[in-house]
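Below is one structure, written out as structure tokens; the observations come after it.
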Amino acid sequence: MLVHGSNLSAKENHKKKYQDTQSKIYLAEIRAKYDLWHQQNMQLIGPGNKTKAEDKQIVQQRVTLFEEYKQFLDRQHYAEHFDSRSNLHSTVLEEFIYYLFKDLVSDFGESALIGKSHAFKDIFFVAPNYEYLLQSPHGKIEKKDHDFVIGVTVKASLQTTRPGMTETEANPTLQTSESEIVSVPEIHFFDIPVIAIECKTYLDKTMLEGSSRAAEELKARNPNGLYIVVMEWIKLSEDVNLRKYKVDQIYVFRKQKNTDREYRYAEEYIKNPIDVDAVWHLFCTVRSHLTVDWKGGIEHGIQRGWLLD
């Protein structure tokens, strides 16, 4: 969940890298600032799954804390010492998203899933031959990494059984005779996202195409899922037709076009602050999706006269 904190700890405890004097000084400075940011966010409670008058004010406070920490970390000497491959800077946004939704998700109970996830993508069966397939399905779960997920972890049991067995007969809550059992169950665990959020420093067309494919795969397995992309800057031209992509929403928190990192340190460059209205819109979108009934399907559509929303 605390992906930025984990990244920082990994650098502090690395056996070979970041052991020089300068790295240790920088990491100590960042650690002190990070611990304060983390503590302030954990002490700040809300918003939750019930709408309250102070909700937007709390989001504003989280945005202010995020902006202050990001301004500190994005200074040139840190950016040059810890390059993009280290993921030190990019993971800050992921952890901010966790702080934004931690209390909303906790209101749904301990079984709610939140944070980085290796989520369900597909299932396939790879028995070495037919005889082995009769004994066990040999199922494999293909998974997809997501920066941030709100969802649920599923425990699935797969086993072979006699031909023609109905779903009612196979219901595990009913009595099943030993003659109907063919194999020992295979147990699989995987995450199902209801909300998947991809976090980017900036978004270009190639990244958007990848996000669109991931969104399409997610919705094919969970039609009630939302796929959202958030970033600080945008790197798309007006020639890009956003309507053809499968993502549900794209947020540009700084409301600003991307600039190469070396130009961000020029005296004349003005970096927009994180926009609280964009973050608030994201929060409301997610809360609304988690707290409303997911109506759909043929029967619901027939009652209205049209099948698709």
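The values are calculated or read from the model by the stated rules, or taken from the named source; none is laboratory data. Keep in mind it's a predicted model, so treat the numbers as computed, not measured. Positions of Cβ are backbone-derived with ideal geometry, glycine not excepted, and every protein chain shown enters the neighbour counts. These area figures cover heavy atoms from the full protein model, side chains too; ligands, DNA and RNA do not enter into them. Shrake-Rupley method; radii C 1.70, N 1.55, O 1.52, S 1.80 Å.
Side notes on the structure shown:
- Note on residue 15: lysines with a C-alpha under 17 Å away, same-chain residues under 8 apart excluded, are 24.
- Ordering 113, 154, 210 by Cα displacement along the dipole of the chain toward the positive end leaves 210 in first place; charges were set at the Cβ atoms of Lys, Arg (+1) and Asp, Glu (-1).
- Separation between Cα centres of segment 62-95 and segment 203-231, rounded to whole Å: 25
- DSSP bridge pairs, the chain: antiparallel proportion in percent, nearest 5: 65
- The phi-based Karplus calculation (6.51 cos²θ - 1.76 cosθ + 1.60; θ = phi - 60°) puts the 3J(HN,Hα) values of segment 79-92 at 5, 6, 6, 10, 6, 4, 5, 6, 6, 5, 6, 5, 7, 4 Hz, whole numbers, x for Gly and Pro.
- Point-to-point label distance, residue 68-residue 188, nm (Cα→Cβ direction, 7 Å offset): 4.7
- Rounded tilt (10° steps) of 276-291 against the dominant C-alpha axis of the chain: 10
- Interchain or long-range residues, amide H under 5 Å from residue 186's placed H: 158, 159
- Ordered from largest to smallest accessible area (heavy atoms of protein chains, 1.4 Å probe), the residues 3, 286 come out as 3, 286.
- For the chain, with +1 on Lys and Arg beta carbons and -1 on Asp and Glu, the positive-most of 100, 18, 245 along the dipole: 18
- Relative to the longest principal axis of the Cα atoms of the chain, the long axis of helix 21-43 lies at roughly 60 degrees.
- Over 20 Å between alpha carbons, listed pairs 50/116; 143/205; 144/244; 205/244: 50/116; 143/205; 144/244
- Computed over all pairs of different Cα atoms, the Kirkwood value for the hydrodynamic radius of the chain is 22.5 Å.
- Under 5 Å between amide hydrogens, built in the peptide plane, is the criterion, and for residue 116 it picks out 149 among residues at least 5 positions away or on other chains.
- Dipole moment magnitude, nearest 20 debye, segment 1-160 about Cα centre, only Lys, Arg, Asp, Glu C-beta charged: 260
- With the simple model of a label 7 Å out from the Cα in the direction of the Cβ, residue 78 to residue 209 spans 3.5 nm.
- Using C-alpha pairs under 8 Å with a sequence gap of at least 6, the mean separation divided by the residue count of the chain gives a relative contact order of 14 percent.
- Reach of residue 271 by Cα under 16 Å, taken over aspartates and glutamates that are not fewer than 8 positions away in the same chain: 67, 68, 74, 232, 260, 262
- Three-way shape call for segment 1-149 based on the alpha-carbon gyration tensor, with the a/c threshold at 1.5: oblate
- Under 5 Å from the amide H of residue 194 lie the amide H atoms of 150, 151, 152, each residue being 5 or more positions distant or on a separate chain, with H modelled from the backbone and absent for Pro and chain starts.
- What separates the Cα centres of segment 267-301 and segment 1-42 is a distance of 31 Å.
- Other residues whose C-beta falls under 13 angstrom from the C-beta of residue 270 contribute a net charge of +3, scoring Lys and Arg +1 and Asp and Glu -1.
- Around the Cα centre of the chain, unit charges on the Cβ atoms of Lys, Arg, Asp and Glu (plus for the first two, minus for the last two) sum to a dipole of about 460 debye.
- For the chain, the longest principal axis of the Cα atoms and the long axis of helix 55-73 meet at an angle of about 60 degrees.
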